[in-house]
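Every number in this text was worked out from the coordinates using simple rules, so none of it is lab data. Being a predicted model, the structure only gives us computed values, none of them experimental. Here Cβ is always computed from backbone atoms with ideal geometry, including for glycine, and neighbour counts include all displayed protein chains.
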Amino acid sequence: MIVRVLLITPQFYGIEKKIKSVLEELDYEVIWIENKTLQFDYHGINSKFKLFRKIYFFLLAPRICYLKKELNRIGNLKFDILFSINAQIICKYLFKKLKSTNPEIHSVLYLWDSFSMYNWIKELKLFDKVYTFDPVDSINYKIEYKPNFYLRVNINISPENEYDLFFVGKFSSDRLVKIDKILTLPEMRGIKCFVKLWPSYKIFLHNHFIFRFFKAFNFKSKWVRNYQLNFEVLEGKIKREYLVAESLSYEEMQHHLICSNVILDLPFQRQTGYTHRLIGALANGKKVITTNSYIVKEKFFNSGQIHILDHQNPEVDCNWITKKSTFQVDSFFLELELSTWLKSVINAGMA
């Protein structure tokens, strides 16, 4: 019997295509909808004008409008499983429509962003099963903890393509400051790095007049500072060799990660969950430098393989970076390979 899955995920460097492909290899029939961040979404912890945003969502119902369009595109299909990563477009309307064709649909939510970034408390109650990648959120919100997955890749490494230090990611002022400090250390001269940082998407406030207004009055708000830096990066006002206009593809990121000796991991400061970057690095036996100090609590923590980077004084041991080392992969990571991870997440709790 064919089991049909409605897969709802953000677009994330093409990982959504990998998830769909692996599910199909597991003999599921899969229909994908983008878990899109709609204009004026109010779930972001640092979102400004929250009251205005909530009124907009209440009166104009953009999630319902978006879902109607997507569900009409799909047609009147019966789904056995709803699997959503994050909850941008999740609402009661979606469940009402899906249960009209299958009241027994099994629903699973996986959160790969922490509650320090988004508040999806109301959406949690709609699902049969909820997981989070963040161990602290798991405790605080009584959600089952499930670390992020990784994708197994087979890449032949040639010496000319090898790097000492690797980092790729979306721009934030915090990352800009840390990378600047690391790369300008005198002892970093001669270290072969693959570091790429690309700007965040333009927000509706991306405007020269607003930028000049903030600049003229020299506001001290961290949000304003981040806005100004992101604006300047998008407009090419800040020049760095490692700043690029567009993100790399997932395949490019994986290729350079596998070809690198040490992986730099710079998650958001209040996040304790492990990034795909960190999980993928350790699952491939790589050395890691991370600002996520929570990792020292894990049974797999190895101080010879994992160095903790101080947020305020990000200093690195360049001799350690260039020293070639191989590490045995802990059994912890065997369950996190995408195929195995999906089977455990989607099948859990099903009758």
Q.
Tell me the net charge near residue 35. Cut-off is 12 Å between Cβ atoms, residue 35 excluded, with +1 for each Lys or Arg and -1 for each Asp or Glu.
A. -4
**Q.** Of 259, 84, 329, farthest towards positive along the dipole that unit charges on Lys, Arg, Asp, Glu beta carbons give the chain
**A.** 84
Q) What's the extension gain from residue 74 to residue 26 if we count 0.36 nm per residue and subtract their Cα-Cα distance? A) 15.1 nm
Q) Å³ per residue of the Cα convex hull, for the range 3-146? A) 116
Q: Identify all lysines with a Cα-Cα distance to residue 92 below 23 Å; exclude those on the same chain that are fewer than 8 residues away in sequence.
A: 36, 50, 54, 68, 69, 78, 122, 125, 129, 142
**Q.** Pairwise FRET efficiency - residue 329 versus residue 237, Cβ, R0 = 56 Å, nearest 0.05
**A.** 0.85
Q: Can you put 290, 272, 322 in order of Cβ neighbours within 10 angstrom, beginning with the fewest?
A: 322, 272, 290
Q: Go ahead and set up a Gaussian network model of the chain, Cα springs under 10 Å, then flag whichever of 162, 34, 241 fluctuates most.
A: 241
Q: Give me the number: length gained by fully extending residue 217 to residue 173, i.e. 0.36 nm times residue separation minus the C-alpha to C-alpha distance, one decimal in nm.
A: 13.9 nm
(Q) Assuming 0.36 nm per residue, please report the length gained on full extension of the stretch residue 192 to residue 337 beyond their Cα-Cα distance. (A) 49.3 nm
Q: Starting from the Cα of residue 323, draw a straight line to each of the lysines and keep only those under 25 Å, dropping any in the same chain fewer than 8 residues away.
A: 178, 181, 192, 196, 286, 287, 299
Q: Find, among the trypsin sites (Lys or Arg not before Pro) in the range 162-216, those assigned to loop by DSSP (not H, G, I, E, B) with at most 10 other beta-carbon atoms within 10 angstrom.
A: 189
Q: Tell me which residues come under 5 Å, amide H to amide H, from residue 111 once H is placed; ignore anything under 5 positions away on its chain.
A: 86, 131, 132, 133
